[in-house]
Amino acid sequence: MVELLEPLFTTLPVSRAMPRLVVDGPGSSGHADEVDSLLESSSFGEALICGLWLYVDELDRSHRISQGLEDATGSFWHGIMHRREGDFPNSHHWFRKVGAHSAMKDIEGYDPHAFIDEVEAAHLRGEAPEHLADLQRREWAALFAWCARVA
């Protein structure tokens, strides 16, 4: 299934995806069009679709899906989305609902609540440190890979 995503990962490698910690507008329409095309031609579970929209900074589209996923995985995607939109208290709320998700063990040095606080502090200073963007990418990759394994 993940091989179907190779065109997207070629045009937008994980190492360049999600550079903004807080997204203040939609992502590249070209990447959103790529995701739309992938979704038309293949069948992905809702958790993977939710992650794909976050990958291309389409927070509203991801949010519509994560709201309907009433499990720890949906709450994980939901928490990421709220952190990326700058709604830090709501992000904490959703991560409290997540608890200890299996994907978290694959993210070295990861504490979702500490991460939210670091992103908020950086955002208030008008900064986007690369180490936080890197952690954001590793967080996304771990959860996305976990969703692909269980799909």
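The rows are residues; the columns are (1) on the phi < 0 side of the Ramachandran plot; (2) surrounded by fewer than 15 Cβ atoms within 10 Å (Cβ to Cβ).
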| residue | (1), (2) |
| --- | --- |
| Glu6 | yes, yes |
| Met18 | no, no |
| Val22 | yes, no |
| Ala32 | yes, no |
| Leu39 | yes, yes |
| Gly68 | yes, yes |
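Filtering Ile116, Ile107, Ile49, Ile80 for residues that are within 21 Å of Thr11 (Cβ to Cβ) and β-branched (Val, Ile, Thr) leaves a single hit, Ile49. Kindly establish whether Ser62 is under 18 Å from Ala128 (Cβ atoms), touching a Gly at 6+ places or on another chain (Cβ under 8 Å), modelled with pLDDT of 90 or more and polar (S, T, N, Q). No; evaluated as a whole, the condition is false for this residue.
Filtering segment 73-101 to residues that are closer than 21 Å to Arg149 by Cβ and either touching a residue at least 40 places away in the same chain (Cβ under 8 Å) or of a type in the set (A, V, I, L, M) (or both) leaves Thr73, Phe76, Trp77, Ile80, Val98, Ala100, His101. Candidates in segment 120-137 are the residues that are buried (at least 16 other Cβ atoms within 10 Å of the Cβ) and not polar (S, T, N, Q); of these, the one that is nearest to Ser62 (Cα to Cα) is Arg137. Residue check: is Ser42 in contact with a helix residue (DSSP H, G or I) (Cβ under 9 Å, 6 or more places away or on another chain), in contact (Cβ under 8 Å) with a residue 12 or more places away in the chain and under 18 Å from Ala142 (Cβ atoms)? So Ser42 does not fit the description; no. Taking segment 71-93 as the range and being aromatic (Phe, Trp, Tyr) and either buried (at least 23 other Cβ atoms within 10 Å of the Cβ) or in contact with a Lys or Arg (Cβ under 6 Å, 6 or more places away or on another chain) (or both) as the test, the residues that pass are Phe76, Trp77. Just a yes or no: is a residue in segment 53-64 within 22 Å of Glu127 (Cβ to Cβ), surrounded by 13 or more Cβ atoms within 10 Å (Cβ to Cβ) and touching a Phe, Trp or Tyr at 6+ places or on another chain (Cβ under 9 Å)? Yes, segment 53-64 contains a residue that is within 22 Å of Glu127 (Cβ to Cβ), surrounded by 13 or more Cβ atoms within 10 Å (Cβ to Cβ) and touching a Phe, Trp or Tyr at 6+ places or on another chain (Cβ under 9 Å). Among helices (runs of 4 or more DSSP H) entirely within segment 1-110, having at least 2 residues that are more than 15 Å from the chain's Cα centre (by Cα) singles out 6-11, 29-41, 88-98.
Only residues that are in a loop (DSSP other than H, G, I, E, B) and within 17 Å of the chain's Cα centre (by Cα) were counted in segment 115-150, giving 1.
The values are calculated or read from the model by the stated rules, or taken from the named source; none is laboratory data. Small disclaimer: the values here were computed from a predicted structure and weren't measured. So basically every Cβ, Gly included, is an ideal-geometry build from the backbone, and we count neighbours across all protein chains shown.
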